[in-house]
Every structure is written in C-alpha cells, then in structure tokens.
Amino acid sequence: MNDTSHAAKAPALQLSDIRKSFGTVDVIHGIDLEIQEGEFIVFVGPSGCGKSTLLRLIAGLDDPTSGDINLNGKRVNTVPASERGLSMVFQSYALYPHMTVGQNLSFGLENLRMERAEIERRINDAATLLQIDHLLGRRPGQLSGGQRQRVAIGRAIVREPVIFLFDEPLSNLDAELRLQMRVEISDLHSKLKNTMIYVTHDQIEAMTMADRIVVLRGGNIEQIGRPLDLYNHPKNKFVAGFLGAPQ
Ligand code: ADP
Ligand code: MG
C-alpha cells in the first residue's frame, strides 16, 4: 500500500474543467475549483452568468457536458443527487403547503427509510438550533417569510449534509430580515462547521459571509480570493464593480 499518512486531505469539492451546454448554448465554459472542508464559499456574478447551473451540477440535479466533480476525493459524476450527501436551499422556499413544519422537515428523511427515533432527534436538534420549536405544528401559510426560510434551512440541516448549497436564499426577504438571516446563516456555519457554497448577487452578503469569493462572469471564473483581497486588488473593473470597491 502507498504511504498516505502525510498526504494532504482531499478537498471537500473539486471541479475539473466542468462544462455545461444546453443544446447549442454553452453556459459553463470550463471551470476548475477546489474548496476545502469547512470553507464558506460565495459565488457572485450577474444574472445569467451560470451560478445556479453550477450549483445544480454540484448537487447532481443536472449533469455536466464534460469535466469531473469530486467530493472528498471521490468522483461523483454518476452518483445520484440523493446519494451525494449535499443539501440545497432555494430562493423559493419550496415547502409543502399542505404539510406542517414538522412534516416538511421529516418528509425527506422518511423517504430515506430512516428510523422514527432518528428522524425525531434530527428534527428536534434542527428546530432548537433555528428556534422554530414552537412552529412545528403550523403550516407554511401560517408563517412569516423569515420563519419559512428558517424551515427551508431546517430541511437542509436534518439531512446532515457534508456540504450545504444555498441559491440566493434571502433574495425574497425584506432588507431587515435579510440582515438578520445573514447573521443567522453565518452563525450556523460557525456552529456546524460544514462546507457551505452560497450564491448571491448581494455584495454585502458576499463581503461579510465568505471565506473566499468566486466571481463568475459569462460561465467562467473571473477571480477567486478572500473578500478583502478581492476588494483591495480586483483584477479589473468588473470585479471591483461587483464588490462595490472603488474603481
Ligand atoms: P444565474 O443563476 O447566474 O442567474 P443560470 O445558471 O440560471 O444563471 O443560467 C445561466 C444561463 O443558462 C442563462 O443564460 C440561462 O438562460 C441558461 N439556462 C439555465 N438553465 C437552462 C436550461 N435548463 N435550459 C436552457 N438554458 C438554461
Ligand atoms: Mg440563479
């Protein structure tokens, strides 16, 4: 056997020359990216630049046209979404309106044929963490926007994913709630220490939440770096503009 005792740990996520076309339209142009375990990565870029598509490829909701996706050193191109150990939180909460909050949280786990006691434990842990214990018996229609978004995050947490994927989760909320939820998601990352990939077009979210920001433009990575490094040393006006840096 090879001596791997000194080998560096495999990245949580590694994308190698990922491309995606829809018909004749090339949307992702060959993306290489390594994300280390526990990092909070933010994807920013203009509408239509491929942020959601890239997230869907990572999640396994869509297949790349070419390139490799590795999770913890294992190629997962052909691994179905449900077996990748990832949880995705969308901008539209996608809660089931006819189910209670508790049922919304347990639904995905029941499909995994998990034991009831384990489901209860996970729901109680997530509800405590997100302070939604008192809402478990309500239906989504009886919740505020912020409460609904907490439930959507709760549904991601109960799966105990290795990576969380967030696609503009706060863009439907008003400014005050967005600020509050931004702090809560950052707190969640401090507590859970999971790898998180967070898509936004909000420069304040990017600057305050990210360990590293990935700036996307037209299906390519324009620049990657720590928020202040990008802010102080943007590669060009496009990056500067995106981060609200002086140009
Ligand atoms: P973003 O999330 O950055 O706004 P998207 O990833 O949603 O961008 O979309 C990137 C480009 O890919 C857009 O031009 C969009 O119209 C196109 N696109 C996304 N999904 C599909 C699809 N299923 N079929 C055809 N084109 C698509
Ligand atoms: Mg999008």
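Coordinate-derived values only; no laboratory data. Please read all numbers here as calculations on a predicted model, not as lab measurements. Reconstructed Cβ throughout: ideal geometry from the backbone, glycine too, with neighbour counts over all protein chains shown.
Rundown of residues vs (1) part of a loop (DSSP other than H, G, I, E, B); (2) farther than 23 Å from Ile58 by Cα; (3) of a type in the set (A, V, I, L, M); (4) touching a strand residue (DSSP E or B) at 6+ places or on another chain (Cβ under 6 Å), yes/no style:
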site: Gly146; (1), (2), (3), (4): no, yes, no, no
site: Gln149; (1), (2), (3), (4): no, no, no, no
site: Ile153; (1), (2), (3), (4): no, no, yes, yes
site: Phe164; (1), (2), (3), (4): no, no, no, yes
site: Ser171; (1), (2), (3), (4): yes, no, no, no
site: Leu179; (1), (2), (3), (4): no, yes, yes, no
site: Glu184; (1), (2), (3), (4): no, yes, no, no
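Close contacts from the range 148-169, counting a first residue that is more than 21 Å from Glu37 (Cα to Cα) and a second that is within 16 Å of ligand 1 (Cβ to nearest atom), with Cβ to Cβ under 6 Å and a gap of 6+ residues or different chains, come to Ala152/Val89; Glu168/Gln91; Glu168/Val199; Glu168/Thr200; Pro169/Val89.
The set of residues in the range 58-111 being assigned to a loop (DSSP other than H, G, I, E, B), in contact with a helix residue (DSSP H, G or I) (Cβ under 8 Å, 6 or more places away or on another chain) and over 30 Å from Asp26 (Cβ atoms) consists of Tyr93, Leu95, Tyr96, Pro97, Met99. The residues of the range 204-224 that are surrounded by fewer than 22 Cβ atoms within 10 Å (Cβ to Cβ) and farther than 22 Å from Ile28 by Cα, listed by number, are Ile204, Met207, Thr208, Asp211. Among the candidates Gly38, Gly23, the residue that is surrounded by fewer than 16 Cβ atoms within 10 Å (Cβ to Cβ), small (Gly, Ala, Ser), away from ligand 1 (no atom under 16 Å from the Cβ) and more than 14 Å from Leu216 (Cβ to Cβ) is uniquely Gly38. Take the range 126-154 and flag every residue that is buried (at least 22 other Cβ atoms within 10 Å of the Cβ) and of a type in the set (S, T, N, Q). Gln149 - this is the single residue of the range 126-154 that is buried (at least 22 other Cβ atoms within 10 Å of the Cβ) and of a type in the set (S, T, N, Q). Any residue in the range 66-85 that is under 13 Å from Pro11 (Cα atoms) sitting within a Cβ distance under 8 Å of a residue that is among the basic types (Lys, Arg)? List the pairs, counting only those 6 or more apart or interchain. Between residues of the range 66-85 that are under 13 Å from Pro11 (Cα atoms) and residues that are among the basic types (Lys, Arg), the close pairs are Ile69/Arg75; Leu71/Arg84. Are any of the residues in the range 81-97 within 16 Å of ligand 1 (Cβ to nearest atom) and surrounded by 19 or more Cβ atoms within 10 Å (Cβ to Cβ)? The answer is yes; a qualifying residue exists.
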